[in-house]
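Peer 1: For reference, the structure I am asking about is given below.
The values are calculated or read from the model by the stated rules, or taken from the named source; none is laboratory data. Quantities reported herein were computed from a predicted structural model and do not represent experimental measurements. So basically every Cβ, Gly included, is an ideal-geometry build from the backbone, and we count neighbours across all protein chains shown.
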Amino acid sequence: MNQDIGMMFEELAHSQKFGRIHHRFLNDLQKLSALLTHCDNDENYHEIAEGDLCWYEKHTGEMVLFMNHPLSFNRLPSYDRIEERLRAGNITSLADVLDADFGDIILAIELKRGMGDSFRAIEQAVELLEEKAKNRYWIDSFSPDLLRMVKSVNPSTPTSLHTRYGVYGKYVVINSWIPPFFGLLNLYQLEHVDAITVTRQYLPARFFRACGVETNHLYRHVIGSGKKLLFGGLTTEKTFLEVQASSAIAGYKKWGTEFEKPLTMTYE
């Protein structure tokens, strides 16, 4: 693992609290404000807000960084439409979520889609995050190439490679809208990746759990390669608690609307 990695993952790993990730909360300032009132309310959890970073390069060369989930097939609406929605407050800018009022919230920034120079967009985003949210953010992506860009801008920025189809032995399955679209990568050769985020709800390997195969055994090479383990797509309290009991450091809560209610460590 990169020895220059920032503090974020290490702090989560050594904390007594598990990371509870709230899906797309960075895309909605009302949800982000609500989450702020519950940070530190539960001694068992760090509250983490996740969102989708997109970008548009204007004809003037100005880069617009905003939080919004793309349309189907990873498409972006026209820039005119995005600009209109930004003015109306229906789309949140990256600068908005880095406002000082939200300074207690840990941020998980997923790189989604952009129009224009991706490297320049990532460079500006990382510089802004380092200035406003140092040691309380990480950058996630399904694309190993985008994460490589992140590390070239700042080697200490924590990165997570997201996968819908999981980890099998020493290999993680990549699936991205950016070439290469699909493939296998050796965990021990991903020096620009500090963590693996596995989307459990789509994962064929989740069925191994029913056969008695422990989560820590399935993902032993993630830990063995020096990376941290996170889980996405946790659609029930039971699966969330199963993941919490493993070597994972955080998981995406994707059920219900309440996030302040303490969970009980009881599951079969």
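Peer 1: Can you tell me which of Leu161, Leu129, Leu187, Leu203 is crowded, with 21+ Cβ neighbours inside 10 Å, in contact with a Phe, Trp or Tyr (Cβ under 9 Å, 6 or more places away or on another chain) and modelled with pLDDT under 95? Break it down stepwise before answering.
Peer 2: Values: Leu161 fails: modelled with pLDDT under 95; Leu129 fails: modelled with pLDDT under 95; Leu187 fails: modelled with pLDDT under 95.
Exactly one of Leu161, Leu129, Leu187, Leu203 is crowded, with 21+ Cβ neighbours inside 10 Å, in contact with a Phe, Trp or Tyr (Cβ under 9 Å, 6 or more places away or on another chain) and modelled with pLDDT under 95, namely Leu203.
Peer 1: When the range 5-33 is examined, which residues are found to be surrounded by fewer than 15 Cβ atoms within 10 Å (Cβ to Cβ) and farther than 19 Å from Val243 by Cβ? Let's see the steps before the verdict.
Peer 2: So the first thing to find is which residues in the range 5-33 are surrounded by fewer than 15 Cβ atoms within 10 Å (Cβ to Cβ), and the list is 7, 14-16, 30, 33.
Selection gives Met7, Gln30, Ser33.
Peer 1: Using beta carbons and a limit of 7 Å, which pairs, at least six apart or on different chains, have the first residue in the range 128-149 and in a strand (DSSP E or B) and the second one of a type in the set (S, T, N, Q) and buried (at least 18 other Cβ atoms within 10 Å of the Cβ)?
Peer 2: Short answer, once both residue conditions are applied: Trp138/Thr159; Trp138/Ser160; Ile139/Thr157; Ile139/Thr159; Asp140/Ser160; Asp140/Thr197.
Peer 1: Would you call Glu123 under 20 Å from the mean Cα position of the chain (by Cα), free of Cβ contacts under 8 Å to residues at least 12 places away in the same chain and outside any loop (DSSP other than H, G, I, E, B)? Break it down stepwise before answering.
Peer 2: Values: under 20 Å from the mean Cα position of the chain (by Cα): yes; free of Cβ contacts under 8 Å to residues at least 12 places away in the same chain: no; outside any loop (DSSP other than H, G, I, E, B): yes.
So Glu123 fails the test.
Peer 1: Another question, then. Kindly provide the set of residues from the range 8-55 that are among the aliphatic types (A, V, I, L, M) and either closer than 20 Å to Leu94 by Cα or touching a helix residue (DSSP H, G or I) at 6+ places or on another chain (Cβ under 8 Å) (or both), ordered by number. Even if it seems obvious, please write down each step before you answer.
Peer 2: Going through the range 8-55, the residues among the aliphatic types (A, V, I, L, M) turn out to be 8, 12-13, 21, 26, 29, 32, 34-36, 48-49, 53.
If the condition is that a residue be among the aliphatic types (A, V, I, L, M) and either closer than 20 Å to Leu94 by Cα or touching a helix residue (DSSP H, G or I) at 6+ places or on another chain (Cβ under 8 Å) (or both), then Met8, Ile21, Leu26, Leu29, Leu32, Ala34, Leu35, Leu36, Ile48, Ala49, Leu53 are the ones that fit.
Peer 1: While we're looking at this one, here's another question. Considering only residues of the range 179-197 that are under 22 Å from Glu127 (Cβ atoms) and among the hydrophobic types (A, V, I, L, M, F, W, C), which is nearest to the chain's Cα centre (by Cα)?
Peer 2: Per the criteria, the residue is Ala195.
Peer 1: Further question on the same structure: For the structure I just gave you, tell me whether Asp40 is of a type outside the set (S, T, N, Q) and exposed (fewer than 14 other Cβ atoms within 10 Å of the Cβ).
Peer 2: Working: of a type outside the set (S, T, N, Q): yes; exposed (fewer than 14 other Cβ atoms within 10 Å of the Cβ): yes.
For Asp40, the condition - of a type outside the set (S, T, N, Q) and exposed (fewer than 14 other Cβ atoms within 10 Å of the Cβ) - is met.
Peer 1: Would you check if Phe119 is surrounded by fewer than 18 Cβ atoms within 10 Å (Cβ to Cβ), closer than 28 Å to Tyr165 by Cα and not small (Gly, Ala, Ser)?
Peer 2: Numbers: surrounded by fewer than 18 Cβ atoms within 10 Å (Cβ to Cβ): yes; closer than 28 Å to Tyr165 by Cα: yes; not small (Gly, Ala, Ser): yes.
Yes.
Peer 1: Still on this model: Mind listing just one residue for me: the one in the range 93-120 that is in a loop (DSSP other than H, G, I, E, B) and more than 14 Å from Val64 (Cβ to Cβ) and, of those, nearest to the chain's Cα centre (by Cα)?
Peer 2: The initial filter retains those residues of the range 93-120 that are in a loop (DSSP other than H, G, I, E, B), namely 98-99, 103-105, 116-117.
Filter once more, so that each one left must be more than 14 Å from Val64 (Cβ to Cβ): 98-99, 103-105.
Details: Leu98: 16, Asp99: 19, Gly103: 18, Asp104: 17, Ile105: 14 Å.
Once the filter is applied, the top-ranked residue is Ile105.
Peer 1: How do the pairs read when you match residues in the range 213-240 that are of a type in the set (Lys, Arg) with residues anywhere that are crowded, with 21+ Cβ neighbours inside 10 Å and part of a strand (DSSP E or B), using Cβ under 7 Å and keeping only pairs 6 or more apart or on different chains?
Peer 2: Listed by first residue and then by second, the contacts come to Lys227/Ala195; Lys227/Ile196; Lys228/Ala195.
Peer 1: Give me a count of the residues in the range 30-67 that are in a strand (DSSP E or B) and either acidic (Asp, Glu) or within 21 Å of the chain's Cα centre (by Cα) (or both). Walk me through it before giving the result.
Peer 2: So the first thing to find is which residues in the range 30-67 are in a strand (DSSP E or B), and the list is 45-57, 63-67.
If we keep only those that are either acidic (Asp, Glu) or within 21 Å of the chain's Cα centre (by Cα) (or both) too, we end up with 45-57, 64-67.
Within the range 30-67, residues that are in a strand (DSSP E or B) and either acidic (Asp, Glu) or within 21 Å of the chain's Cα centre (by Cα) (or both) number 17.
Peer 1: When the residues of the range 130-155 are filtered to those that are within 16 Å of the chain's Cα centre (by Cα) and small (Gly, Ala, Ser), which remaining residue is nearest to His69 (Cα to Cα)?
Peer 2: Only one residue fits best here, namely Ser141.
Peer 1: When only residues in the range 18-29 that are aliphatic (A, V, I, L, M) and either part of a strand (DSSP E or B) or touching a Gly at 6+ places or on another chain (Cβ under 6 Å) (or both) count, which is nearest to Ile82 (Cα to Cα)?
Peer 2: So the residue we want is Leu26.
Peer 1: Answer yes or no: is there a residue in the range 68-89 that is touching a strand residue (DSSP E or B) at 6+ places or on another chain (Cβ under 6 Å), in contact (Cβ under 8 Å) with a residue 24 or more places away in the chain, surrounded by 22 or more Cβ atoms within 10 Å (Cβ to Cβ) and not in a helix (DSSP H, G or I).
Peer 2: There is at least one residue in the range 68-89 that is touching a strand residue (DSSP E or B) at 6+ places or on another chain (Cβ under 6 Å), in contact (Cβ under 8 Å) with a residue 24 or more places away in the chain, surrounded by 22 or more Cβ atoms within 10 Å (Cβ to Cβ) and not in a helix (DSSP H, G or I).
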